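Report on one structure; see the data block that follows.
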């Protein structure tokens, strides 16, 4: 059977004038490295689940993306991360929210799925579980990024939160230039026709009250079902939570018989727009068909499949 790997590194106001050549090169290399890792697993007969975890781990290790090492700072000047993972062959899922000092949150989500008997763990409890599982804890210094820190310093004395951005004096509203919804994700279809999806994020700069978006919530930011599709979302999390975006796409395929592309378009370009929500998703079905669907100006994205197709793109 054909196999396919699709990835994203966040959506938002990503336009040709926003990135210089060096930045374009860094994003291109980052996305390509992630595709290389996951594609090799699928090419060697590995599972969609392993491909998704290892692909996202590469993105988490890259400070260009707001996940793992590149996570932004909260109101208290900390890096808190969320991630989720789902296996479409058996509906098993694992997720973590508000964790600190975990090098690869997506790997902890897998541990939750396989070894906790639960789906979603948060905060200190998730950290305790990580230690019990023998996961390496990473010091705060590993997550320190000067650009992200400067973004936080600029607004830490205000009640603003802001999206990951490039530029000055931005407060996370759509009218501001250069913002993006900082999340990474991957979806895959393996040779056996099994699907998997995963999402990981560093959240919003200056976020308060332990805010959690859609990324670690199964059905909102991540969903996989062999009968329909695997989805990973990136966008304004509050809207994706209310619209249960990932599961909605699957439902439109399962109950209304829509194609992958039509289901994605209806949710992202119609339903979500009417609610005022912005962002996008990546999707794959069990036949290896894929889609990038977004209503923002751009989305860092990539795809590679067994048919020899390859895509790495940023802009709309």
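The values are calculated or read from the model by the stated rules, or taken from the named source; none is laboratory data. Because the structure is a prediction, the values reported are computed rather than measured. Glycine gets a Cβ as well: all are built from the backbone with ideal geometry, and neighbour counts include every protein chain shown.
Among the residues of the stretch 13-22, are any in contact (Cβ under 8 Å) with a residue 12 or more places away in the chain, farther than 21 Å from residue 286 by Cα and in a helix (DSSP H, G or I)?
No, that holds for no residue.
Do the conditions hold for residue 193, that is, is it at pLDDT below 95 and part of a loop (DSSP other than H, G, I, E, B)?
no
Touching a strand residue (DSSP E or B) at 6+ places or on another chain (Cβ under 6 Å), part of a loop (DSSP other than H, G, I, E, B) and crowded, with 20+ Cβ neighbours inside 10 Å: does that describe residue 200?
Answer is no for this residue.
Got a number for residues in the stretch 139-159 being under 21 Å from the mean Cα position of the chain (by Cα) and free of Cβ contacts under 8 Å to residues at least 40 places away in the same chain?
Of the residues in the stretch 139-159, 2 are under 21 Å from the mean Cα position of the chain (by Cα) and free of Cβ contacts under 8 Å to residues at least 40 places away in the same chain.
I need a count of the residues in the stretch 226-250 that are modelled with pLDDT of 95 or more and in a loop (DSSP other than H, G, I, E, B).
5
Test of understanding: among 150, 168, which residue is at pLDDT 85 or above and surrounded by fewer than 15 Cβ atoms within 10 Å (Cβ to Cβ)?
Just a single option satisfies the conditions, and that option is 150.
Across the stretch 34-60, what is the number of residues that are part of a helix (DSSP H, G or I) and either without any contact (Cβ under 8 Å) to a residue 24 or more places away in the chain or surrounded by fewer than 16 Cβ atoms within 10 Å (Cβ to Cβ) (or both)?
Here the count works out to 7.
Within the stretch 226-249, can you find the residues that are touching a strand residue (DSSP E or B) at 6+ places or on another chain (Cβ under 7 Å) and in contact (Cβ under 8 Å) with a residue 40 or more places away in the chain?
Hits for the stretch 226-249 are 226, 229, 230, 231, 232, 233, 234, 235, 236, 246.
Considering only the stretch 81-89, I want to know if a residue exists there that is in contact (Cβ under 8 Å) with a residue 60 or more places away in the chain and in a loop (DSSP other than H, G, I, E, B).
yes
Those residues that are in a loop (DSSP other than H, G, I, E, B), more than 13 Å from the chain's Cα centre (by Cα) and touching a residue at least 12 places away in the same chain (Cβ under 8 Å), I need them from the stretch 203-225; list them, please.
Residues satisfying the conditions are 204, 206, 207, 208, 210, 211, 212, 219, 225.
Tell me which residues, restricted to the stretch 61-78, are in contact with a helix residue (DSSP H, G or I) (Cβ under 6 Å, 6 or more places away or on another chain), over 12 Å from residue 200 (Cβ atoms) and surrounded by 24 or more Cβ atoms within 10 Å (Cβ to Cβ).
The answer is 72, 73.
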